[in-house]
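Contents: one structure, followed by commentary.
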Amino acid sequence: MKHVIKSIDPTSPLRGRAEPGYELVSINGHAILDVLDYKFYAYDPRLKLELRTPRGETLRLKIKKPVGGDLGLDFETYLMDRPRHCANKCVFCFIDQMPPGMRPSLYFKDDDARLSFLMGNYITLTNLSDREVQRIIDLRISPINISVHTTDPELRVRMMGNPHAGERLGCLRRFAEAGITLNCQIVCCPGWNDGAALERSMTDLAALAPQMHSVSIVPVGLTKYREGLAELTPFTRESAARTVAQVTAFGDRCLAERGERIFFCSDELYIAAGLPLPPEEFYEDFAQLDNGVGMLRLQEAEFMAALRCADSASSAPFTIACGEIAAPFLQSLLDAAAEKFPQVRGSVRPIVNCFFGGGVTVSGLVTGGDLTAQLQGKDIGERVLITRNMLRRDELDFLDGVTLAEAAQALGVSVYPIEQDGGCLCDAVLGDLPEIPTPVRGEDTEYCRYN
């Protein structure tokens, strides 16, 4: 694939020496295959670049810049290549459970090692060639995030619907022996990879320490769109409690023997079990925040720290809209704010997920249609606060295509997307509101993380 320069940043050392439309061929003699090569080989302070003009002429430039400084080149695609499609048919795949008629990007299943390193996405290893595995090792791409699900090869083949899923587990040891830091996840499905299977997985993964940095155990997410799919059952209060106890006990042993807990259950599992979240120090460096591990506890710590520093609050009434699972937690934060500032007049309204089905309770999957339908006609005050995770980053639309502006118009009040940070939430609760962002249309890089 040709790596044609789309634009050149004003601060780029190539400004005035190259033009949009030129093709980047090599850096210091290394052919550039994609964004990983570009970032790795462009790190040095002295570079020899080979470019090709639209006329086919070769241009060789010598560049000086700070170590690690960006060359400031923008290409036609973020990856400088096509994204890698998932080769699996996982029994728990969330994308297979989505209704028809949504935007096309939501049906794309990525399984791309480059996105794992650059954006934190999880990969399954099943579409990596031996050459690509070696390139990860040679370029020292670390950390890398891997969806393991089970270390039983036969069970992994059945769960992931890929005959190569079991044999690719060997990549984990290759990466660990090469010094690559690993963060892993296990989507836990009752009756499939819990219980004894989960114990085996944790034992096998712990053996890869210290390179095995963290492993999250998250509950399977089930929508109402499962016709023709494998039989799966959601966690009950009892099964969630058993899994939390099992993972906590194993993590306790790792902490005693290795100095790190390594294994963590997501917040969802604690809430499903009716158990309190562990204290902040339990989560060590919060390595699995994107999987909802310790997210609520960290948000609470940030919120309370901001609240202690606050010296005033607005009395304008407002509503916090969220998924059902987060509602009690957010209510406790709102109560704390009202205790310090009695004039705070807010309410928390959990949104039932009618779009995907009542089994989906997280805030990030609340749609604009459900939000507006369940808040219209209610006393919601002068503003509505939602988590930024409900919206696509640039386009500012919900999963069902409803835009932020359309939701605000339907409700008759401003809707403020708040970053996933307790300090930002505290500011908004007390009346210090962020600027409502403007939608931007750009390259669609909305890759799914439900591997």
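Observations, loosely collected:
- Distances between placed amide hydrogens fall under 5 Å for residue 395 paired with 440, all partners being 5 or more residues away or on another chain.
- The stretch 294-451 - percent relative contact order, Cα under 8 Å, separation 6 or more: 28 percent
- Amide H contacts of residue 215 (H built 1.01 Å from N, under 5 Å, at least 5 apart or other chain): 184, 263, 264
- Based on C-alpha pairs under 8 angstrom that are at least 6 apart in sequence, the chain has a relative contact order of 12 percent.
- Heavy atoms of residue 225 accessible to a 1.4 Å probe, total area in Å² rounded to 10: 80 Å²
- Euclidean distance of C-alpha centroids, the stretch 317-334 and the stretch 254-298, integer Å: 21 Å
- Just so you know, the averaged projected area of the alpha carbon convex hull for the stretch 57-163 sits at 10.4 nm².
- Rounded FRET efficiency, nearest 0.05, which uses the C-beta distance separating residue 164 from residue 419 and R0 of 51 Å: 0.85
- Residue 200 - accessible surface, heavy atoms, 1.4 Å probe, Å² rounded to 10: 110 Å²
- In Å, descending, principal axis extents of the Cα set of the chain: 68, 52, 45
- Net charge over other residues, Cβ less than 12 angstrom from the Cβ of residue 242 (K, R count +1; D, E count -1): -2
- Legend: P(r) of the stretch 192-280 from all alpha carbon pair distances, 10 Å bins from 0, whole percents, reading 15, 45, 30, 9, 1.
- Residue-span extension gain [residue 352 to residue 77] - 0.36 nm each, minus C-alpha spacing: 95.3 nm
- Taking only the C-alpha atoms of the stretch 234-306, the Rg (one decimal) and the largest Cα-Cα distance, Dmax (whole number), read 12.5, 37 Å.
- Our coupling estimate for the stretch 237-248, obtained by passing each phi through the Karplus curve with A = 6.51, B = -1.76, C = 1.60 and θ = phi - 60°, is 4, 6, 5, 5, 5, 5, 5, 4, 5, 5, 5, 4 Hz, Gly and Pro reported as x.
- Annotation for the stretch 161-203 versus the stretch 27-62: alpha-carbon center distance of 37 Å.
- Taking the inverse of the mean 1/r over every pair of distinct Cα atoms in the stretch 1-60 gives a Kirkwood hydrodynamic radius of 11.8 Å.
- Among beta bridges that DSSP assigns inside the stretch 162-298, antiparallel share in %, nearest 5: 0 percent
- The stretch 121-244: relative contact order in percent, alpha carbon pairs under 8 Å with at least 6 residues between: 26 percent
- Equivalent ellipsoid of the stretch 303-431: semi-axes from √(5λ) of the C-alpha gyration tensor, largest first, are 24, 15, 14 Å.
- Shown in residue order for the stretch 350-355 are the 3J(HN,Hα) couplings computed by the Karplus curve 6.51 cos²θ - 1.76 cosθ + 1.60 at θ = phi - 60°: x, 9, 6, 7, 6, 5 Hz (x for Gly and Pro).
- For residue 418, residues with placed amide H under 5 Å, excluding near neighbours: 386, 387, 388
- Compactness of the stretch 147-236 as Cα Rg over 2.2 N^0.38 Å, two decimals: 1.14
- Hz values of 3J(HN,Hα) by residue in the stretch 67-76 - Karplus curve (6.51, -1.76, 1.60), Gly and Pro given as x: 4, x, x, 7, 6, x, 9, 10, 10, 4
The values are calculated or read from the model by the stated rules, or taken from the named source; none is laboratory data. None of the values given here were measured: they were computed from a predicted structure. Reconstructed Cβ throughout: ideal geometry from the backbone, glycine too, with neighbour counts over all protein chains shown. Areas reflect the complete protein model, heavy atoms only, side chains present, ligands, DNA and RNA absent. Shrake-Rupley method; radii C 1.70, N 1.55, O 1.52, S 1.80 Å.
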